[in-house]
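Novice: Provided herewith is a single structure, encoded as structure tokens, for subsequent inquiry.
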Amino acid sequence: MMPKACRHALRAGVCALLALPLAGCFEQPLSILDPAGPGAAPITQVWWVMFWGSLAIYLLVLGLATYALLHRRRNGQAPRRALLIGGGLALPIVVVFLLLAYGIRSGQAMLPLPTSQTVFRVDVRGHQWWWEVSYPDAPGGALYSANEIHIPAGVPVDVHVSTEDVIHGFWVPRLGGKIDAIPGRTNVIRLRADAPGEYHGVCAEYCGVQHARMALVVYAHPAEDMPARLAALAGAGVDDPADLQDTQGARDFTQHCLACHAMNPRERSSQPGPNLADLGVRAMLGAGTLENTPEALRDWLRHHQARKPGNRMPQAGLPDAGFDAIADFLEHSSTP
Ligand code: HEC
Ligand SMILES: [Cu+2]
């Protein structure tokens with residue numbers, strides 16, 4: 001027999017181990033157990049049904065096994081046929097079939113089915129390792145941004161998901177399930193945020209070294225604020241930095257950065273890097289790598305290959321003053 005203190009310690013240890021993964025499930029930014037819209041709620045339900053269902057079946061099997069052990073016959077009578085066919089064949093078939101039907105039904109909420117409501121559209125394109133975001137129906141034509149999606153709350157939003165390079169997975173757990181971004185095609189998932197708020201997302205399909213730093217945030221706004229949001233994005237940035245040759249920063253940016261980074265929200269560069277028109281009001285740099293502060297921006301420009309190793313932006317060879325001038329230019333022209 002173990003000393004009492006040891007038994008207590010063991011029990012506490014086992015409980016802590018069990019509690020750790022569960023603690024991560026509730027009220028976390030990426031929790032599927034804390035749904036915030038009709039695309040995600042059915043998934044949470046499926047999860048609970050599977051959790052309690054498998055627990056019940058597990059306990060049933062455990063009970064039968066215990067019963068069999070306790071009532072073992074000397075000469076080992078074979079179990080009854082009915083039990084074998086019922087429990088071994090019929091039960092799994094029925095359970096799996098019911099789960100399948102239930103699962104398919106639950107996915108309906110995320111299908112872009114015709115609806116009488118107006119649907120807001122956002123295009124999201126995966127890149128190694130960031131998300132291009134655009135609003136094709138914005139007044140005056142498509143608007144571009146990156147790693148942040150602004151949507152109206154309480155309105156169905158169709159996210160058209162595609163990719164520039166490899167397969168990525170678009171996933172905002174509190175708003176809906178995962179959908180793959182597959183080369184050569186566009187998949188559409190319907191999400192809706194019931195209330196204004198901030199909903200975090202990640203890339204859910206391994207896509208290379210910086211897969212883990214490919215985060216995005218969905219900001220849901222009161223629906224009536226959405227036109228102003230889009231107008232602010234339309235007014236962000238500058239039309240063409242090449243026209244602004246009076247400052248060192250604009251000149252350096254044009255020479256070293258403009259090939260990959262548009263500063264005009266209406267433009268998509270041919271060699272795409274994130275559109276920087278609204279960089280000054282974005283929360284993060286490098287798809288969740290750094291919090292966007294003046295210091296972090298300067299740090300990113302100098303050391304982004306150390307902060308996000310392998311990312312697809314080449315290290316520019318500029319003197320410190322050059323980086324500072326570009327940072328000043330970016331801040332000056334991408335904040336309202
Ligand atoms: C060859 C294309 C290319 C060039 C040239 C380039 N970048 Fe980038 N840049 C990228 C890519 C790709 C990313 C996305 C990196 C990531 O998050 O994985 C990026 C990210 C950034 C970001 C972070 C944006 C965000 O929303 O997270 C900033 C700021 C930035 N670049 C500034 C610059 C500046 C300033 C220059 C010029 C000195 C420059 N870049 C030159 C491709 C380029
Ligand atoms: Cu990815």
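Novice: In the set Met313, Met284, Met263, which member is under 21 Å from Glu148 (Cβ atoms) and more than 23 Å from the chain's Cα centre (by Cα)? Break it down into steps so the answer makes sense when it comes.
Specialist: Working: Met313 fails: more than 23 Å from the chain's Cα centre (by Cα); Met284 fails: more than 23 Å from the chain's Cα centre (by Cα).
Of Met313, Met284, Met263, the one residue that is under 21 Å from Glu148 (Cβ atoms) and more than 23 Å from the chain's Cα centre (by Cα) is Met263.
Novice: Check Ala204 against each of (1) more than 16 Å from ligand 1 (Cβ to nearest atom); (2) under 13 Å from Phe120 (Cβ atoms); (3) crowded, with 18+ Cβ neighbours inside 10 Å; (4) not aromatic (Phe, Trp, Tyr) and name the one condition it does not meet.
Specialist: Only one criterion in (1) more than 16 Å from ligand 1 (Cβ to nearest atom); (2) under 13 Å from Phe120 (Cβ atoms); (3) crowded, with 18+ Cβ neighbours inside 10 Å; (4) not aromatic (Phe, Trp, Tyr) is unmet by Ala204, namely (2).
Novice: Of the numbered conditions (1) of a type in the set (D, E, K, R); (2) more than 16 Å from ligand 1 (Cβ to nearest atom); (3) closer than 17 Å to Asp278 by Cβ, Glu132 satisfies every one except a single condition; which is it?
Specialist: Here Glu132 meets the rest and fails (2).
Novice: Suppose we filter Gln255, Gln245 for residues that are over 30 Å from Leu30 (Cα atoms), in the same structural domain as Glu291 (by TED's automatic domain parsing) and more than 14 Å from ligand 1 (Cβ to nearest atom); which single one remains? Talk me through it step by step, then tell me what you get.
Specialist: Details: Gln255 fails: more than 14 Å from ligand 1 (Cβ to nearest atom).
The match here is Gln245.
Novice: Mind checking whether some residue in the stretch 214-236 is touching a Lys or Arg at 6+ places or on another chain (Cβ under 8 Å), buried (at least 17 other Cβ atoms within 10 Å of the Cβ) and not in a helix (DSSP H, G or I)?
Specialist: Our first condition is that a residue be touching a Lys or Arg at 6+ places or on another chain (Cβ under 8 Å); within the stretch 214-236, this holds for 221, 234.
Keeping just the survivors that are buried (at least 17 other Cβ atoms within 10 Å of the Cβ) gives 234.
Within this subset, residues satisfying the condition of being not in a helix (DSSP H, G or I) are none.
Among the residues of the stretch 214-236, not one is touching a Lys or Arg at 6+ places or on another chain (Cβ under 8 Å), buried (at least 17 other Cβ atoms within 10 Å of the Cβ) and not in a helix (DSSP H, G or I), which makes the answer no.
Novice: Is there a residue in the stretch 173-180 that is more than 14 Å from ligand 2 (Cβ to nearest atom), in a strand (DSSP E or B) and either in the same structural domain as Leu216 (by TED's automatic domain parsing) or at pLDDT below 95 (or both)? Before you say what the answer is, go through the steps one by one.
Specialist: Of the stretch 173-180, the ones more than 14 Å from ligand 2 (Cβ to nearest atom) are 173-177.
Within this subset, residues satisfying the condition of being in a strand (DSSP E or B) are none.
The answer is no, given that none of the residues of the stretch 173-180 is more than 14 Å from ligand 2 (Cβ to nearest atom), in a strand (DSSP E or B) and either in the same structural domain as Leu216 (by TED's automatic domain parsing) or at pLDDT below 95 (or both).
The values are calculated or read from the model by the stated rules, or taken from the named source; none is laboratory data. Predicted model, so just to flag it, every value in this text is computed and none were measured. Glycine also receives a Cβ, built like all others from the backbone with ideal geometry; neighbour counts cover every protein chain displayed.
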